[in-house]
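Chemist: Before we start, here is the structure in question, set down as C-alpha cells.
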Amino acid sequence: LTLRAVGGLTTAEIARAFLVPEATMAQRISRAKQRIAAAGASFAPPPGEWAGRLAVVLHVLYLMFNEGYAATSGPDASRPELTAEAIRLTRAVHRSLPEDAEVAGLLSLMLLTEARHPARTTADGGLVPLAEQDRSLWRPDLIEEGTGLVTGALTRGPLGPYQLQAAIAAVHAEARDAEETDWPQILALYDLLERVAPSPVVTLNRAVAVAMVNGPQAGLDVLA
C-alpha cells in the first residue's frame, strides 16, 4: 500500500516485485486499506512497534529503488526519478538512525548499484550485462561512499540482508574488470544471505556464483 501511495507504483509493478499474480496483489492492497480503516492506524506508532515498522519501511524503499533501476513497465529500462527518490528517502532514514547497520547497508546497496547506471545501457537503450560494462563509466564517488557505509555497517551488526547484498555489490565494484571479480568471496556472501534471508531470487543469484566458482553444472545442480 505504501508503494502505491508514496512510490506511485502500479498494482502490476508491485505484484512483480513480490513475485505474485496481479490479482493476488490487488486483493492484498484492498485488505490492507480495510484493516487500516478499521484499526485507525496512525503514522506515529508506539515505541514497541518501531523495529517492525522500520523493517517494512526499508523493504518499501528497497522495492521502490529496484523498480526504478530495472523498470518492469514503460518504454525505458530505468526510471531515474524513482531511484533518486528512493535514495533521498533512505538518506533521510539514515540521518535519523545513523547507527542502524541495516539502514546503512540499504543506502550502501543503493549507491553501489546506482554507481553502475551510466554503463548499464547502450545508446539505443539496450541493457549491457555486468561482465561487459565499461567500468570506467562507473561513478567513483558513489562507490567510495557506498563502500564506506557497508564497511562501517558490518562492524556494528547484527548482520542483515541489506548489508550482505551491499557487501556483494562492493566486491563487484572493487574489481577493475570482470575477470578480476572475487567470485569465491561473493559465493561465501551468498551462502550467508541464503541463510539470513532465503528467497527464489537469492537462490538464483547464488547459483550463478556457484557456477562461476565450481563450473556451470554445479550451478545447474543448485537450481535442480
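The values are calculated or read from the model by the stated rules, or taken from the named source; none is laboratory data. What you see is a predicted model, and the numbers here were worked out from it, not measured in a lab. Every residue, glycine as well, gets a Cβ built from its backbone with ideal geometry; the counts of neighbours run over all protein chains shown. Just the protein is used for accessible areas: all its heavy atoms, side chains included, with ligands, DNA and RNA removed. Shrake-Rupley method; radii C 1.70, N 1.55, O 1.52, S 1.80 Å.
Chemist: Name the single residue, out of those in the stretch 79-91 being farther than 15 Å from Ala5 by Cβ and out of contact with any helix residue (DSSP H, G or I) (no Cβ under 6 Å at 6 or more places or on another chain), that is least open to solvent (accessible area, probe 1.4 Å).
Modeler: Ala84
Chemist: Please find, within the stretch 176-202, the residue that is nearest to Ser136 (Cα to Cα) out of those that are open to solvent by less than 40 Å² (accessible area, probe 1.4 Å) and assigned to a helix (DSSP H, G or I).
Modeler: Per the stated criteria, the residue is Ala178.
Chemist: Could you say whether any residue in the stretch 121-135 is touching a helix residue (DSSP H, G or I) at 6+ places or on another chain (Cβ under 9 Å), within 25 Å of Val57 (Cα to Cα) and buried (at least 17 other Cβ atoms within 10 Å of the Cβ)?
Modeler: no
Chemist: Being over 19 Å from Val6 (Cβ atoms) and open to solvent by less than 60 Å² (accessible area, probe 1.4 Å) is the filter here, so list the residues in the stretch 62-77 that pass it.
Modeler: Scanning the stretch 62-77 gives Ala70, Ala77.
Chemist: If you don't mind, there's one more thing I want to ask. Going by what's in this entry, would Leu109 be described as in contact (Cβ under 8 Å) with a residue 60 or more places away in the chain and surrounded by 21 or more Cβ atoms within 10 Å (Cβ to Cβ)?
Modeler: So Leu109 passes the test.
Chemist: Regarding Arg35, is this residue surrounded by fewer than 12 Cβ atoms within 10 Å (Cβ to Cβ) and either assigned to a helix (DSSP H, G or I) or touching a helix residue (DSSP H, G or I) at 6+ places or on another chain (Cβ under 6 Å) (or both)?
Modeler: Answer is yes for this residue.
Chemist: Sticking with this structure for a sec: Would you be able to tell me the number of residues in the stretch 150-175 that are assigned to a helix (DSSP H, G or I) and open to solvent by 30 Å² or more (accessible area, probe 1.4 Å)?
Modeler: Result for the stretch 150-175: 7.
Chemist: Follow-up question, since we're still on this one. When you scan the stretch 51-71, do you find a residue that is outside any helix (DSSP H, G or I), farther than 18 Å from Ala166 by Cα and either under 18 Å from the mean Cα position of the chain (by Cα) or in contact (Cβ under 8 Å) with a residue 60 or more places away in the chain (or both), even just one?
Modeler: Yes, the stretch 51-71 has at least one match.
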